[in-house]
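K.L.:
After the structure tokens below, expect a handful of questions from me.
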Amino acid sequence: MKKLLALLFVVLMMVACFAGCGSKDTLVMGTNATFPPYEYVDDNGEIVGIDAEIAAAVAEKLGMELEIKDMEFDSLLTAVQSKTIDIALAGMTVTDERKLSVNFSDTYAKGVQVIIVPENSAIKTVDDLKGKKIGVQTGTTGDIYCTDEFGQENVNQYQNGALAVAALNNGQIDCVVIDNEPAKNFVKANTGLKILDTEYANEDYAAAISKENTELLENFNKALKELKDDGTVDKIIAKYIPAE
């Protein structure tokens, strides 16, 4: 009986070992999937986009499985700090203020803040925004810039860009300040809107990682460099943002 139990124990240990050896650690990415083409929900209910694919490629390099959590944009840094998520990729701009709470990876993409207005709008340049009702996504750099420059009383904050654009269509606000790539998608989907030729701001996008997880930051940057060097990052971006 003792021999049988011993044999059974050995078998169970071998099964557990094989199961463990075949498993991968999970890299949990937080995002706000309302920011095409960086992150959005496709027709199959999957979160896709530039950030999702870059994160998946990094995870593969690190021998990890990628898990994506969709959450409000302004909760992402808190989630990184509390270790609810490992990284945040959400078309997030590197700023000095954000650096106080998290570390940022190397830059993987450039962003440009632009202004969406109705086609018949009197707004022609950034200077014309003074005294106007400006729509932004809460917690984004567009929110930060406009609030600082034009005052909180002139800025209407929305949980995502789509809600801000809907408010613009309804005449509740005069314009929307948002990243150029999602702006293109919103204008394409809403007749009567246009993007001003003038740029509001230029930005660097990177992944946010906990200050306590320096090992992940180092490994992420190493994997990202390899993906930049072999052209993978450029191919992913070109897939969603074709050259004009």
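K.L.:
Sort out which residues of region 141-158 are outside any helix (DSSP H, G or I) and either under 17 Å from the mean Cα position of the chain (by Cα) or in contact (Cβ under 8 Å) with a residue 40 or more places away in the chain (or both), and write them in order of number. Lay out the reasoning, then the answer.
P.N.:
Within region 141-158, the subset outside any helix (DSSP H, G or I) is 151, 155-158.
Tyr158 - this is the single residue of region 141-158 that is outside any helix (DSSP H, G or I) and either under 17 Å from the mean Cα position of the chain (by Cα) or in contact (Cβ under 8 Å) with a residue 40 or more places away in the chain (or both).
K.L.:
Let me ask something additional. Mind checking which residues of region 117-137 are crowded, with 16+ Cβ neighbours inside 10 Å, part of a loop (DSSP other than H, G, I, E, B) and not basic (Lys, Arg)?
P.N.:
Answer for region 117-137, where residues must be crowded, with 16+ Cβ neighbours inside 10 Å, part of a loop (DSSP other than H, G, I, E, B) and not basic (Lys, Arg): Ser121, Ile123.
K.L.:
Going by the conditions given, is Ile115 touching a Lys or Arg at 6+ places or on another chain (Cβ under 8 Å) and either over 15 Å from Asp204 (Cα atoms) or of a type in the set (Lys, Arg) (or both)?
P.N.:
Values: touching a Lys or Arg at 6+ places or on another chain (Cβ under 8 Å): no; either over 15 Å from Asp204 (Cα atoms) or of a type in the set (Lys, Arg) (or both): yes.
Criteria not met by Ile115.
Here, each number is a calculation from the coordinates, and none is a lab measurement. Predicted model only: the values in this text are computed from it and were never measured. Note that we place each Cβ from the backbone using ideal geometry, even for glycine, and neighbour counts take in every protein chain shown.
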